[in-house]
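Before we start, here is the structure in question, set down as structure tokens.
Computed from the coordinates by the stated procedures, all read-outs in this text should not be read as laboratory data. What you are looking at is a predicted structure, and each value in this text was computed from that prediction instead of being measured. For neighbour counting, all protein chains shown are included, and Cβ atoms are generated from backbone atoms with ideal geometry for every residue, glycine included.
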Amino acid sequence: MAEMYSRNRLTLPGFAVAAYVALGGLALAQAAEPVSPKLTPKLLDLLRKEMLSINDASQEILAALVTGDDARVAELAQQVHDSFILRQSMTPEDKVDLMAAVPEGFVQQDRAFHEISAALAQAARDGDRARQQEQFSRMTEACSACHAQYATDRFPDFAE
Ligand code: HEC
């Protein structure tokens, strides 16, 4: 009995520490890290313009998807891809500012998002409806994943 008691005394705190470390690691991996405050006024303006334009485009893509308009899906998804703020409308100096301001994870999520839009455009050019649905769903997941991690100041509902 005494032995069991002492084993519990050792095991429970051990478990608590392990759980604490595991949860702490998880929280760290997904820690909200708003990027807007880190941007220059010009970059923030570009980012917002880009967001409004991809927001419009993604709604139009949905309308085209559900009406089987492959050509329109291809055109819009290609536009989303090409409007990439990390490549367009930026002087070389802006690019230096941006890279210095945002975390690597943000750059990766932005790149992944634009790769998905290219894949969606390709699926639409191929006339592959199932793949279009799949890529569109990956696209909306990419929107929320980035907002949940990097835009909790703008979208506080993601902060919980
Ligand atoms: C790589 C990260 C990232 C991705 C991907 C992303 N966003 Fe955003 N979005 C942001 C950030 C950061 C803000 C906050 C900008 C600010 O502070 O105003 C934002 C803001 C917005 C806004 C508010 C713009 C405004 O100023 O009113 C809309 C709308 C929006 N995003 C839509 C979308 C949609 C739709 C998608 C996917 C099709 C998407 N975003 C994908 C990072 C992202």
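May I ask you to compute the full-extension gain from residue 126 to residue 104, defined as 0.36 nm times their residue separation minus their alpha-carbon distance, rounded to one decimal in nm?
Extending this stretch completely gives an extra 4.6 nm.
I would also like to ask the following. I want to check the label-to-label distance for residue 154 and residue 72. Put each point 7 Å from Cα in the C-beta direction and report it in nm to one decimal.
2.6
Something else now. Spin-label point model (7 Å from Cα, Cβ direction): what's the residue 44 to residue 62 distance in nm?
With each label placed 7 Å out from Cα toward Cβ, I get 2.8 nm.
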